[in-house]
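None of the figures in this text is laboratory data; all of them are computed from the coordinates on show. Keep in mind that this is a model prediction, so the values were computed, not measured. Cβ atoms come from the backbone with ideal geometry, glycine included; neighbour counts cover every protein chain shown.
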Amino acid sequence: MGLRPARTCKTLDKQAYTRFSKKKPDKSYIKAMPHINLHVYRMGDKAKKYERQFDLTAEEDLQIRDNSLEAGRQTANKQLEKLIPMQYYFLVRTYPHNVVRENKMITGAGADRLQKGMRQSFGRPTNRAARVVREQIIFSVWANAIHRPIVKEAIRRAKLKMAGRYRLVEREPTPIIG
C-alpha cells in the first residue's frame, strides 16, 4: 500500500504517541518502532567561520514526516553542494520522535465482508514524524553573505518537499552546535 498524503497527519490535534523502551519492553505502548528515514543531520564544513545564518522556521504548529524532512534535506544539500561545495554548514534541527499510526483499509471486491470499518480502529505504527510548533527552527544553514541567493534557492526547494507554511529568517551567525 502506498504512502498516505501528508494532510492526513499534518495537524497536532492528537496526543503525542512516542513511548518505546528497549530496557523495559512491558512499559512500551509501541511494541515495534518504525525505522527513521532521516539519517544525516550535519553536512558541510563546520570548522569555517561564516558571515550569515539562515533558519527555516515553521509558521504554524504541524507534524512533518521523516521522509518529508529527508526529501527537503537532500534537495537543499544537493543544491548547496553543487553550487558552493564545502562553503556552507547545514544542520537539521528537528528529530522525528512521534509515531504515526494508520488504520489500514481494504479495497476491492468483498472488502465489506472482511473489513471491520471503524471498530477497533486504533491503527498500527507506520511512520515517524517531528512535532513542530510555531517559530521552531527546522533547518539551519551557515554561509557567507555573497552566497545568499544560492542558500535562499536551496531552502525554497526544500520547502516544496514539506507540507505546511515556512519562513526563511536571516541573521547574524550563532555558534555552531552539535
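Structure notes:
- Long-range neighbours under 9 Å by Cβ, at least six apart or interchain, first residue over 14 Å from residue 6 (Cα atoms) within region 54-70, second polar (S, T, N, Q) and buried (at least 20 other Cβ atoms within 10 Å of the Cβ): 54/140; 55/140; 56/140
- Members of region 1-21 found to be surrounded by 11 or more Cβ atoms within 10 Å (Cβ to Cβ) and either on the phi > 0 side of the Ramachandran plot or touching a residue at least 12 places away in the same chain (Cβ under 8 Å) (or both), listed by number: 3, 4, 6, 9, 10, 11, 12, 16, 17, 18, 20
- Take the conditions (1) out of contact with any helix residue (DSSP H, G or I) (no Cβ under 6 Å at 6 or more places or on another chain); (2) surrounded by 10 or more Cβ atoms within 10 Å (Cβ to Cβ); residue 109 misses just one of them, which is (2).
- If the condition is being under 16 Å from residue 144 (Cα atoms), in contact (Cβ under 8 Å) with a residue 24 or more places away in the chain and either of a type in the set (Ser, Thr, Tyr) or exposed (fewer than 10 other Cβ atoms within 10 Å of the Cβ) (or both), then region 160-178 contributes 171, 172, 174.
- Elements of type strands (runs of 3 or more DSSP E) in region 22-71, at least 1 residues being exposed (fewer than 15 other Cβ atoms within 10 Å of the Cβ): 42-44
- Within region 78-91, the residues that satisfy the criterion of being on the phi < 0 side of the Ramachandran plot and touching a residue at least 40 places away in the same chain (Cβ under 8 Å) are 79, 80, 83, 84, 87, 88, 89, 90, 91.
- Residue identified as among the hydroxyl-bearing types (Ser, Thr, Tyr) and closer than 23 Å to residue 135 by Cα among 29, 17: 17
- Against the test of being under 29 Å from residue 173 (Cβ atoms) and in contact with an Asp or Glu (Cβ under 6 Å, 6 or more places away or on another chain), the options 96, 85 yield a single qualifying residue, 96.
- Looking across region 105-159, the residues that are without any contact (Cβ under 8 Å) to a residue 24 or more places away in the chain and under 27 Å from the mean Cα position of the chain (by Cα) come down to 105, 121, 122, 123, 124, 149, 156.
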